[in-house]
Amino acid sequence: MLILHTKKAQISLEFVIMISLTLIIFTGFYAALMHKQTAALNYNLDLQAKMLTNQLVYEIDLALTQGDNFTKKFELPWKISGQNYTITTEVSENGTFIYLEYIERFSQGYTSANLTGSLFPGNNTIKKIGGVVYAN
């Protein structure tokens, strides 16, 4: 009778060990999968931000190459992949740096135009008056 209880206990212990190992392996695969998914989402977000930055540079450069009294309205998305963002500009003596900031990350662009004004998500107007490019 004692031998029968020992075999049952051994089988129960082996079962618990097998379940534990299976859970550990599953957790490892899940963590690796989530890491890859997060990296892919961040890559997609960075790519969309860079495309938007390039669009801003294009719109400003287009205004710079056009004649005086050029006006163009364009719309920027309110969010990038569901994330809010802000656009800041820094004018230097050789041009303007454009920074698109989102969830503690940023995308940067440069244009040779000296931009006056600010750009925002939503509707924007860009003008060239007297050789100077104005935004909003």
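Just so you know, all these numbers are worked out from the coordinates, no wet-lab data involved. Bear in mind the structure is a predicted one, so any value in this text is a computation, not a measurement. Heads up, the Cβs are rebuilt from the backbone with ideal geometry, glycines too, and the neighbour counts pull from every protein chain shown.
Among the residues making up the stretch 96-119, those that are exposed (fewer than 14 other Cβ atoms within 10 Å of the Cβ) and assigned to a loop (DSSP other than H, G, I, E, B) are ILE103, GLU104, SER112, SER118. Across the stretch 20-66, the qualifying residues are those that are among the hydroxyl-bearing types (Ser, Thr, Tyr) and surrounded by 13 or more Cβ atoms within 10 Å (Cβ to Cβ), and the one among them that is nearest to ILE87 (Cα to Cα) is THR53. For the stretch 86-95, the criterion of being within 26 Å of ILE129 (Cα to Cα) and assigned to a helix (DSSP H, G or I) is met by none of the residues.
Scanning the stretch 65-85 for residues that are among the β-branched types (Val, Ile, Thr) and part of a strand (DSSP E or B) turns up THR71, ILE80.
Only one entry of LEU56, LEU62, LEU45 meets the criterion of being part of a helix (DSSP H, G or I), of a type in the set (A, V, I, L, M, F, W, C) and farther than 17 Å from VAL133 by Cα, and that entry is LEU45.
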